[in-house]
Amino acid sequence: MRLDKFLKVSRLIKRRTLAKEVADQGRITINGVTAKASSTLKIGDELTIKFGQKIVYVKINDLKDSTKKEDAAGLYTILREEKIEA
């Protein structure tokens, strides 16, 4: 599954176009490698996503083309979050 689609379906990022922009800015890595929006994800991959003031580390548990809001959190596990000091 494409990175931008996973971020939307899992609701880590609300819109696919926004997920694409974040990936194009180089703020997402897959297993330590900078990712593009079209990068392919597999179960077990670890994502690092840099939001404004924090970095979130996520492990992928499942890949689905669509999901209900209640089930979206089951697609990933948050490993840890770090605040960025300005």
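Readers should treat all values here as calculations from the given coordinates under stated rules, not as data from a laboratory. Source: prediction; values computed, not measured. All Cβ positions, glycine included, derive from the backbone under ideal geometry; neighbour counts span all protein chains shown.
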Query raised in the report: Which of (1) without any contact (Cβ under 8 Å) to a residue 60 or more places away in the chain; (2) buried (at least 16 other Cβ atoms within 10 Å of the Cβ) does Phe6 not meet, given it meets every other one?
Result: (1)
Report task. Hey, can you tell me all the residues within segment 14-28 that are hydrophobic (A, V, I, L, M, F, W, C) and in contact with a strand residue (DSSP E or B) (Cβ under 8 Å, 6 or more places away or on another chain)? Result -> Val22, Ile28
Query - Cβ-Cβ under 6 Å pairs, at least 6 apart or on other chains, segment 25-49 side free of Cβ contacts under 8 Å to residues at least 12 places away in the same chain, far side of a type in the set (Lys, Arg) - result: none
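Using the structure shown, decide if Val56 is β-branched (Val, Ile, Thr) and more than 11 Å from the chain's Cα centre (by Cα). Working first, answer last.
Details: β-branched (Val, Ile, Thr): yes; more than 11 Å from the chain's Cα centre (by Cα): no.
Spelling it out, it is not the case that Val56 is β-branched (Val, Ile, Thr) and more than 11 Å from the chain's Cα centre (by Cα).
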Report summary line: Screening Lys83, Lys42, Lys5 for residues that are of a type in the set (Lys, Arg) and touching a helix residue (DSSP H, G or I) at 6+ places or on another chain (Cβ under 8 Å) leaves only Lys5
**Report entry** Output for segment 49-86, where each listed residue is more than 18 Å from Val22 (Cβ to Cβ) and of a type in the set (Gly, Ala, Ser)
**Finding:** Ser66, Ala73, Gly74, Ala86
